[in-house]
Amino acid sequence: MNILPNYINGKWQNSTATEHLEVINPATAELLAKVPLSLASEVNQAAEVAAKAFISWRRTPATERVQYLFILKYLLEEYLEDIARTITLECGKTLTESRVEMRRAIENVEIACGIPMMMQGTNLEDIAGGIDEKMIRQPLGVCAAICPFSFPGMIAFWFLPYALACGNTYIIKPSEKVPLTMQKIFQLLQQTGLPKGVVNLVNGSKETVDAIVEHPQIQAISFVGSSPVAKYIYSWGAANGKRMQCQGGAKNPIVVLPDADMARTTRIAADSAFGLAGQSCLNASVAITVGKAKETFTQAIAEAANKRIVGNGLDDKVQTGAVIDAGSKTRIEGLIEKGVSSGAKLLVDGRNPLISGYEQGYFIRPTILQDVDPLSEIANTEILGPVLSLMHVNNIDEAISLVNNSQFGNMACLFTASGAAARKFRYEAETGNIGINIAASPIAFFPFSGCKKSFFGDLHGQGNQAVEFFTQTKVVVEQWTVSS
Ligand code: NAD
């Protein structure tokens with residue numbers, strides 16, 4: 001079985017690591033590849049070539065830098081189906097979900113192509129007689145992204161296109177669970193003709209990440225993953241003087257008011273809770289019904305959960321694919337059991353389903369726990385599986401209190417026909433992304449927001465905030481006297 005190579009200084013090269021991990025198709029438990037746990041020396045090599053490449057890349061005009069991104073956009077379009085298939089193979093999500101993921105990746109490339117406008121500074125003449133002042137933006141140097149398993153293609157694109165367009169050079173460390181998609185994407189990056197050293201791929205896990213966070217030549221790090229690791233990397237990177245943006249985990253609530261369009265709400269809630277096998281940071285994980293919404297919503301969501309088609313994501317009919325690995329399946333099933341022992345009622349039990357033809361796969365059918373105690377472990381832990389906890393309150397104020405009691409702040413949704421209730425929720429709910437009658441998923445020219453333990457840092461990925469993150473401002477005050 002091939003061990004996946006790294007891509008450093010414009011060349012594919014085998015890692016010198018002696019330790020490897022297996023990359024497994026979660027739908028079949030089939031071995032797909034082996035990924036090396038690259039050493040600190042390989043991170044060092046990538047950082048050194050990226051620092052060297054930065055010298056001329058930063059001097060390449062922005063209008064020229066974006067030409068590589070235009071080429072990348074067309075290559076990503078051409079190979080979208082192939083990349084989506086790879087995402088499904090290694091991550092387990094459905095093909096439709098993989099295609100949508102790559103569509104969002106491409107959108108970010110498109111937005112970053114506007115860098116000649118987005119990177120402009122400001123200028124004011126005559127701040128005092130004959131004195132001019134301007135603010136310019138300059139790239140930082142070598143930057144790096146550390147990515148999670150849940151979106152093997154998209155997450156790197158919240159950062160990479162902006163970093164390159166702004167004139168930085170880059171290193172990507174994909175999740176060791178899903179490294180195949182980045183192999184395909186780097187083949188396309190290679191085809192764009194980007195100068196050597198501008199983009200680099202280093203596979204690995206903790207030791208590789210630690211080497212990135214410690215490396216003196218790496219100026220800025222974008223991390224996406226679980227909250228404990230996000231916090232640890234944020235603190236350590238910041239202590240090392242780096243600019244940091246670290247997205248963490250989530251526990252997203254949806255609130256259903258009695259006046260909501262129940263059929264539409266149920267369809268969106270089911271997709272949000274059970275799509276992507278519940279493994280996205282934007283999945284709904286808790287549904288809070290208010291007043292009379294309880295009865296209708298509970299019955300409707302249970303029916304939707306029972307009807308959902310679970311199986312291999314490559315099958316077009318499938319709506320919920322496998323969870324990422326055997327350890328994750330065991331962990332999720334353990335949390336469901338804990339929910340039951342803490343007093344919740346198992347309304348729909350999706351544990352250990354038999355998926356014909358895929359008996360070895362890591363599947364969990366949609367699961368619903370009812371009457372979940374807001375103080376219980378299941379109510380406060382990120383489950384990262386197709387499990388929805390139902391809670392009930394008497395009014396919107398109580399619902400907003402439950403939303404705001406969470407340690408996480410990634411996303412919250414409200415379903416209602418009332419504009420006043422919608423405004424109150426948007427105004428008072430303490431999460432970085434809000435959905436009103438829709439599940440929120442910010443497109444590329446808005447920041448991918450998040451707060452509390454869902455985000456450590458100041459500037460988020462995507463759009464203008466990415467441009468701010470990947471540039472250093474410099475203020476220049478000038479006075480020229482005309483010699484007579
Ligand atoms: P993870 O934290 O286990 O791993 C993320 C990355 O960190 C990987 O590249 C991994 O190699 C590395 N890593 C893991 N443990 C480490 C350690 N101890 N020291 C140094 N590096 C380490 O996360 P995951 O399981 O791959 O991804 C799922 C998590 O990501 C969930 O919590 C999900 O909510 C979160 N996520 C958040 C967002 C967001 O925007 N907030 C988006 C996607 C995923």
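Is there a residue being under 18 Å from GLY249 (Cα atoms), in contact with a helix residue (DSSP H, G or I) (Cβ under 9 Å, 6 or more places away or on another chain) and among the charged types (D, E, K, R) anywhere in the stretch 417-433?
Yes, the stretch 417-433 contains a residue that is under 18 Å from GLY249 (Cα atoms), in contact with a helix residue (DSSP H, G or I) (Cβ under 9 Å, 6 or more places away or on another chain) and among the charged types (D, E, K, R).
Tally time: how many residues in the stretch 278-297 are away from the ligand (no atom under 16 Å from the Cβ) and touching a helix residue (DSSP H, G or I) at 6+ places or on another chain (Cβ under 7 Å)?
6
Consider ALA47 carefully, then state whether it is more than 20 Å from GLN191 (Cβ to Cβ), part of a helix (DSSP H, G or I) and under 24 Å from the mean Cα position of the chain (by Cα). Don't jump to the end; show me each part of the working.
Working: more than 20 Å from GLN191 (Cβ to Cβ): yes; part of a helix (DSSP H, G or I): yes; under 24 Å from the mean Cα position of the chain (by Cα): yes.
Yes.
Quick check on the stretch 289-315: of everything there that is basic (Lys, Arg) and in contact (Cβ under 8 Å) with a residue 40 or more places away in the chain, which residue is nearest to LEU347 (Cα to Cα)?
Of everything passing the filter in the stretch 289-315, LYS294 is nearest to LEU347 (Cα to Cα).
Of everything in the stretch 223-244 that's without any contact (Cβ under 8 Å) to a residue 40 or more places away in the chain and buried (at least 22 other Cβ atoms within 10 Å of the Cβ), which residue is farthest from the ligand (Cβ to nearest atom)?
LYS242
Counting only residues that are small (Gly, Ala, Ser), at negative phi and modelled with pLDDT of 95 or more, how many does the stretch 440-460 have?
Total meeting the criteria: 1.
Could you run through the stretch 168-192 and say how many residues are over 20 Å from ASP82 (Cβ atoms) and more than 10 Å from the ligand (Cβ to nearest atom)?
Result for the stretch 168-192: 4.
Condition first: in contact with a strand residue (DSSP E or B) (Cβ under 8 Å, 6 or more places away or on another chain), more than 24 Å from ARG59 (Cβ to Cβ) and not in a loop (DSSP other than H, G, I, E, B). Can you find one or more residues in the stretch 189-196 that meet it?
So far as the stretch 189-196 goes, no, none of its residues is in contact with a strand residue (DSSP E or B) (Cβ under 8 Å, 6 or more places away or on another chain), more than 24 Å from ARG59 (Cβ to Cβ) and not in a loop (DSSP other than H, G, I, E, B).
Could you grab me the full set of residues in the stretch 443-463 that are touching a His at 6+ places or on another chain (Cβ under 9 Å) and near the ligand (Cβ under 10 Å from one of its atoms)?
PHE448, SER449, GLY450
I'm told LEU388 meets every condition in (1) touching a residue at least 40 places away in the same chain (Cβ under 8 Å); (2) touching a Gly at 6+ places or on another chain (Cβ under 7 Å) except one. Can you identify the failing condition by its number?
Every condition holds for LEU388 apart from (2).
If I go through the stretch 210-222 residue by residue, how many of them are near the ligand (Cβ under 9 Å from one of its atoms) and either on the phi > 0 side of the Ramachandran plot or touching a Gly at 6+ places or on another chain (Cβ under 8 Å) (or both)?
Number satisfying all stated conditions: 1.
Go through (1) crowded, with 23+ Cβ neighbours inside 10 Å; (2) closer than 26 Å to GLU337 by Cα; (3) within 16 Å of the ligand (Cβ to nearest atom) for LEU369 and report which single condition fails.
So the condition that LEU369 fails would be (3).
Give me a count of the residues in the stretch 124-150 that are aliphatic (A, V, I, L, M) and either part of a loop (DSSP other than H, G, I, E, B) or within 16 Å of the ligand (Cβ to nearest atom) (or both).
Result for the stretch 124-150: 4.
The values are calculated or read from the model by the stated rules, or taken from the named source; none is laboratory data. Note that the structure is predicted; figures quoted are calculated from it, not measured. Please note: Cβ atoms are built from the backbone with ideal geometry, for glycine as well, and neighbour counts cover all protein chains shown.
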